[in-house]
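Some notes on the structure that comes next.
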Amino acid sequence: MSLGLLFVAAAAAQSAGLDAYNFRFAQQGNGVLDPVALWRAQRQVGFATSGQLGYTYTAESAVTVTQYWPGRTPEVEENVLLDKVSAMHLGVAFSPHERVQVALQAPLFMSAAGSLGVGPVAYGDLRLSVPVGLVLPGDAGGFALSAIPHLDVPIGSATRLLGNGTVAGGGTVAAGYGGEKWTTDANLGFNSGPKVLIDQIADGSRLTWGAGGGYAVLPWLGVRAEALFAAALGDGEWEPGTGITSEALGSVRGNHGPVQWTVGGGGGLTGGIGSPAYRLFASVGFMTAPNPTKDTDGDGIYDRVDVCVRDPETPNNYQDDDGCPDAIAALTVRVLSPEGRPLPGAAVYRTDDSAIPGGRLTEQAPGSQITGRAAADGFAAVSFTSPALAEGDNELTVTLDWLPGTVEVLASDEAGNPVDAKISWTGPVPHDPTQLGADGEERLVLHPGAWQLAAEAPGLSVGRAEVHLPEGPGRTIVDVVLRKPKVELRKDRIAILEPVHFAYDKADILPDSYAVLDAVAQVLLENPQILAVEVQGHTDSDGNDRYNRDLSQRRVNAVEVYLIAKGIDTSRLVPKGYGESKPIAPNDTDEGRAQNRRVEFMITRTR
């Protein structure tokens, strides 16, 4: 009957019954250590198909015992409900993966006797089992654990104690331990079933357990012993000797390539329903699987375990056993300055302070993460954690931060050309002068706080700046411009190198002369030993002498006011207008007259 017909037959199954036959071959592989009725936790052969045809003869599978008292002495009466059962067993299985198998088992009862009568050929319930490997043994054996859920489809004869008469199910946990030549196995499970009462037999769901072991006498021949037990659950009452089902089995198994055979027998240990007086069995089976030594892509990994059958493995000490091409990971750490410039001199370290030469790591496992830190002189070190590495090259950019107190000085002249200036520092702590060099710039780290700097270079005036450096990380840029000097301090005077301009025929100082007067004020502030300076005003010869003397006086008075506003004490300034009385050039040319219109600062008293 096809599988579809079996399920159709299930729809016509009778009401709740009892499966007193209580035996199924465990449809597994074709190993000589495989059990007969127990499940063995093991590694499946991928894409293997197996089939099994078995035969059993069972005597007195279900017997009830009635005790009665016809007189003073009790008598016992046995009633054999199920006897002389001759059955064929068909099983098929397929393993889509080394951890999973799908198995179907269906008994066919050819004859059975007992008090319920002899009936025609009948089916037993169809069982679907799905062993799932939870813990797989190694190549040489070891511990293994599997879970085997099952579903029973009711196509058996419930009225003849050959089926449950309703959909049932359950599961088994199988554990085992062994080696290449021996194994020990243990099962613990649960079978659901309908609550029934037949001829004073109460039955229903059952707790099952069992244990066994096997030994390979020869590579192709093994012997096994198994013991199976079951106990009905619930509040039913049983006649004496009918509550616990138990059976011991012994078998010999042979393996000849794809063909496997089994012979053996056993008997019940207790009088429970399903514990036969004796049971004889034999089976023959087969298994077909991909060639276990076939290697399509030639990478040394057999197709049965090769995830990529047509693409060869890349040997690189990373997942070399899956048979797939892959690439190990590499990581390059690029270290940048805060403004995004590469820092060739930066150092990269792992968390254990081991150096990463050149910032590059090779032969890393894909999926791993690298932690470490990057550092460079003049910068604050930064810790990093890479993302999970992908196969092949990976790149990580680490940007360093400025150290607290970082300052960058840029010195240039009025035309923007760099100046090799000497920088003197005044601030919270002493600091040696800094020579900038030909590029006119230098970066250094100072103590945070307020600083004043003075930049000096030959032929140029002193450039000054003030800067406040914060406590936290950061960089401060200071641009200092060193200009051509507007004044020179000489023995007898403060010589100005640019004229002081006034509005035409007035004493108003023009703005373009503020810088030169500021320079004069700076000289006086920096040289307190100069006690008195005569601020002299001169004119050309145009106009009368009295007018020119008055104009020159008003003009030097304006200069005095400007210098006092810049912090010069009035006692150090003596303004005096000379008019046209002291020419330094002829007044008959425009050039000569321009030279005669002048302001001079003559030192008259020093310390």
Does segment 368-380 hold any residues that are assigned to a loop (DSSP other than H, G, I, E, B), at pLDDT 90 or above and not polar (S, T, N, Q), and which are they? I370, A376
Restricting to segment 497-523, name every residue that is of a type in the set (G, A, S), free of Cβ contacts under 8 Å to residues at least 24 places away in the same chain and surrounded by 12 or more Cβ atoms within 10 Å (Cβ to Cβ). S513
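Give segment 41-59 a look and list any residue that's part of a loop (DSSP other than H, G, I, E, B) and either surrounded by fewer than 23 Cβ atoms within 10 Å (Cβ to Cβ) or modelled with pLDDT of 95 or more (or both), or say none. Please lay out each step first, then the result.
Let us first name the residues in segment 41-59 that are part of a loop (DSSP other than H, G, I, E, B), namely 41-47.
Across segment 41-59, the qualifying residues are R43, V45, G46, F47.
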What's the number of the condition G156 fails, among (1) within 19 Å of A41 (Cα to Cα); (2) small (G, A, S); (3) surrounded by 22 or more Cβ atoms within 10 Å (Cβ to Cβ); (4) at pLDDT below 95? (1)
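Give the residues of segment 330-343 that are in contact with a strand residue (DSSP E or B) (Cβ under 9 Å, 6 or more places away or on another chain), part of a loop (DSSP other than H, G, I, E, B) and either in contact (Cβ under 8 Å) with a residue 60 or more places away in the chain or not acidic (D, E) (or both), sorted by residue number. Even if it seems obvious, please write down each step before you answer.
In the first step, residues of segment 330-343 are kept if they are in contact with a strand residue (DSSP E or B) (Cβ under 9 Å, 6 or more places away or on another chain); the result is 330-340, 342-343.
From the residues that got through so far, the ones that are part of a loop (DSSP other than H, G, I, E, B) too are 337-340, 343.
Scanning segment 330-343 gives S337, P338, G340, L343.
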Checking the condition surrounded by 18 or more Cβ atoms within 10 Å (Cβ to Cβ), in the same structural domain as A227 (by TED's automatic domain parsing) and touching a Gly at 6+ places or on another chain (Cβ under 6 Å), which residue from G264, G268, G250 passes? G264
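In segment 475-510, which residue that is among the acidic types (D, E) and more than 17 Å from V533 (Cβ to Cβ) is modelled with the highest pLDDT? Full working, then the answer.
First, pick out the residues of segment 475-510 that are among the acidic types (D, E): 479, 488, 492, 498, 505, 508.
Now drop any that are not more than 17 Å from V533 (Cβ to Cβ), which leaves 479, 498, 505, 508.
Details: D479: 92, E498: 89, D505: 90, D508: 95.
Looking at the filtered set, the residue picked out is D508.
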Evaluate the following for R360: is it over 30 Å from T476 (Cβ atoms) and either surrounded by 16 or more Cβ atoms within 10 Å (Cβ to Cβ) or touching a Ser or Thr at 6+ places or on another chain (Cβ under 8 Å) (or both)? yes
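Table: residues versus (1) surrounded by 12 or more Cβ atoms within 10 Å (Cβ to Cβ); (2) small (G, A, S); (3) in the same structural domain as G378 (by TED's automatic domain parsing); (4) under 25 Å from the mean Cα position of the chain (by Cα).
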| site | (1), (2), (3), (4) |
| --- | --- |
| G298 | no, yes, no, no |
| I301 | yes, no, no, no |
| V309 | yes, no, no, no |
| C324 | yes, no, no, yes |
| R334 | yes, no, yes, yes |
| E339 | no, no, yes, no |
Out of (1) at pLDDT 90 or above; (2) surrounded by 18 or more Cβ atoms within 10 Å (Cβ to Cβ); (3) under 22 Å from G54 (Cβ atoms), the odd one out for L221 is which? (2)
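Could you check segment 217-231 and list, in sequence order, the residues that are within 14 Å of H256 (Cα to Cα) and outside any loop (DSSP other than H, G, I, E, B)? Show your work before the answer.
First, the residues of segment 217-231 that are within 14 Å of H256 (Cα to Cα): 218-222.
Of everything in segment 217-231, those that are within 14 Å of H256 (Cα to Cα) and outside any loop (DSSP other than H, G, I, E, B) turn out to be L218, L221, G222.
Which of the following residues is exposed (fewer than 15 other Cβ atoms within 10 Å of the Cβ) and either closer than 30 Å to A355 by Cα or touching a residue at least 60 places away in the same chain (Cβ under 8 Å) (or both): P404, P458, P430, P470?
On the way: P404 fails: exposed (fewer than 15 other Cβ atoms within 10 Å of the Cβ); P458 fails: either closer than 30 Å to A355 by Cα or touching a residue at least 60 places away in the same chain (Cβ under 8 Å) (or both); P430 fails: either closer than 30 Å to A355 by Cα or touching a residue at least 60 places away in the same chain (Cβ under 8 Å) (or both).
Only one candidate qualifies: P470.
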Could you list, in sequence order, all residues of segment 243-291 that are of a type in the set (S, T, Y) and outside any strand (DSSP E or B)? T270, S275
Hey, among the residues in segment 468-485 that are over 20 Å from H447 (Cα atoms) and of a type in the set (D, E, K, R), which one's nearest to the chain's Cα centre (by Cα)? R483
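Tally the residues that are of a type outside the set (A, V, I, L, M, F, W, C), within 22 Å of I244 (Cβ to Cβ) and modelled with pLDDT of 65 or more, restricting the search to segment 67-90. Quick ask: steps written out before the conclusion?
Step one: list which residues in segment 67-90 are of a type outside the set (A, V, I, L, M, F, W, C), which gives 67-68, 70-75, 77-79, 83-84, 86, 89.
Now restrict to residues that are within 22 Å of I244 (Cβ to Cβ): 67, 77-79, 83.
Within this subset, residues satisfying the condition of being modelled with pLDDT of 65 or more are 77-79, 83.
Summing the residues that are of a type outside the set (A, V, I, L, M, F, W, C), within 22 Å of I244 (Cβ to Cβ) and modelled with pLDDT of 65 or more in segment 67-90 gives 4.
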So the check is Cβ under 9 Å with 6+ separation or different chains; which pairs have a first residue in segment 121-134 that's in the same structural domain as H150 (by TED's automatic domain parsing) and free of Cβ contacts under 8 Å to residues at least 60 places away in the same chain and a second one that's among the acidic types (D, E) and part of a strand (DSSP E or B)? L128/D152
Within segment 253-300, track down each residue that is modelled with pLDDT of 80 or more, of a type in the set (A, V, I, L, M, F, W, C) and over 30 Å from E78 (Cα atoms). V259, W261, V263, V284, F286, M287
May I ask you to list pairs of residues, at least six apart or on different chains, whose Cβ atoms are under 7 Å apart, with the first in segment 139-152 being free of Cβ contacts under 8 Å to residues at least 60 places away in the same chain and under 17 Å from S95 (Cβ atoms) and the second being part of a strand (DSSP E or B) and charged (D, E, K, R)? H150/R127
Please go through segment 407-425 and pick out each residue that is touching a residue at least 12 places away in the same chain (Cβ under 8 Å) and of a type in the set (A, V, I, L, M, F, W, C). V407, V409, L410, A411, V419, A421, I423, W425
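Out of S354, S386, which single residue is closer than 30 Å to D320 by Cα and in contact (Cβ under 8 Å) with a residue 24 or more places away in the chain?
On the way: S354 fails: in contact (Cβ under 8 Å) with a residue 24 or more places away in the chain.
Result: S386 is the single residue among S354, S386 that is closer than 30 Å to D320 by Cα and in contact (Cβ under 8 Å) with a residue 24 or more places away in the chain.
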Specify the residue that is surrounded by the most Cβ atoms within 10 Å (Cβ to Cβ); the eligible residues are those in segment 546-565 that are out of contact with any Pro (no Cβ under 7 Å at 6 or more places or on another chain) and among the charged types (D, E, K, R). R555
Check off (1) more than 24 Å from the chain's Cα centre (by Cα); (2) crowded, with 16+ Cβ neighbours inside 10 Å; (3) not in a strand (DSSP E or B) for L389 and give me the number that stays unchecked. (1)
If D321 satisfies all but one of (1) in contact (Cβ under 8 Å) with a residue 24 or more places away in the chain; (2) closer than 30 Å to Q44 by Cα; (3) not hydrophobic (A, V, I, L, M, F, W, C), what's the number of the condition it fails? (1)
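The values are calculated or read from the model by the stated rules, or taken from the named source; none is laboratory data. The structure presented is a predicted model; accordingly, all values stated were derived computationally and were not measured. In this analysis, Cβ positions are derived from the backbone assuming ideal geometry, glycine residues included, and neighbour counts consider all displayed protein chains.
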